[in-house]
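Inspection log for the structure reproduced underneath, given as structure tokens.
The values are calculated or read from the model by the stated rules, or taken from the named source; none is laboratory data. All values derive from a computational prediction rather than experimental measurement. In this analysis, Cβ positions are derived from the backbone assuming ideal geometry, glycine residues included, and neighbour counts consider all displayed protein chains.
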Amino acid sequence: MNETPLTPEQFARLMSLPADHPERLAWNGRPEFESMRSLYEQFESVPPSSVSERELREAEVALERRFREALPSEPGVDAAIPRPAARPERASRPWWIAFPRPALAMAAVIVAVSGIWFTTRPRSTALRGAQDVPVILEPRRVAESLEIRWTPVAGAEGYRLSFVDDSMREIAAVEAWPGTRYSLEASALPPGLEHGIDVIMQVQPVRGGVAGGAAGMRSIRVP
């Protein structure tokens, strides 16, 4: 089953959510999320220390060198590596001291995880992108039904629709739905759903008869 890797940008967004947010709870326990969180917490746990200008410059050079060594030779990768701007010879502080500690912590996580991902990911002609995750659009109420649409995923044979409560427990599901539009009819709800309750709907692509990969999620009220 193919799994879409958690990107540093997605990790940063998840960490900005409250700890009890349903989307963040859905990631708790997953190896890729816990690995990034462990790196972040380790960085945050290191107490600040006083270092000299020379030590800061040496650390800056070492970090850039290790970052480059971690990345394989691929078109466009070298150009994407940020380079510090030139400083006057008598500059009193390095360029990155101006950034707040949380920003530096996130930058460290991005550097570490990006290096691991680029060196261990399966080789392919193109990086997987957001098209692997269905995006659920704003539902539309039509009479006694709720019309739900989502963006298509390349190569998907269909989609598995699931409905979970606020504790992320699945209470209803629709297997292998063939299109990208589903009408939740008040008169014919999937078994397990009740009128007027709030649930989180998840849409997961089906390939080879198996639902896999990241799921799009959206909170809805059952008609």
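Listing for the model above:
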{"quantity": "Identity of the residue in region 149-189, within 27 Å of ASP20 (Cα to Cα) and over 24 Å from the mean Cα position of the chain (by Cα), that ends up surrounded by the most Cβ atoms within 10 Å (Cβ to Cβ)", "calculated": "ALA172"}
{"quantity": "Helices (runs of 4 or more DSSP H) (entirely within region 1-58) containing at least 3 residues that are touching a strand residue (DSSP E or B) at 6+ places or on another chain (Cβ under 9 Å) and at pLDDT 80 or above", "calculated": "22-27"}
{"quantity": "Strands (runs of 3 or more DSSP E) lying entirely in region 129-203 (those with 3 or more residues that are among the hydrophobic types (A, V, I, L, M, F, W, C))", "calculated": "158-164, 170-177"}
{"quantity": "Matching entry among ASP198, ASP132 (being modelled with pLDDT under 90 and under 25 Å from TRP27 (Cβ atoms))", "calculated": "ASP132"}
{"quantity": "Residue check, ALA214 part of a loop (DSSP other than H, G, I, E, B), in contact (Cβ under 8 Å) with a residue 12 or more places away in the chain and surrounded by 18 or more Cβ atoms within 10 Å (Cβ to Cβ)", "calculated": "yes"}
{"quantity": "Count - residues of region 150-165 that are closer than 18 Å to PRO190 by Cβ and out of contact with any Leu (no Cβ under 9 Å at 6 or more places or on another chain)", "calculated": "7"}
{"quantity": "Any pair with Cβ under 6 angstrom, 6 or more apart, that starts in region 16-43 at a residue that is of a type in the set (D, E, K, R) and ends at one that is modelled with pLDDT under 80 and outside any helix (DSSP H, G or I)", "calculated": "GLU32/LEU6"}
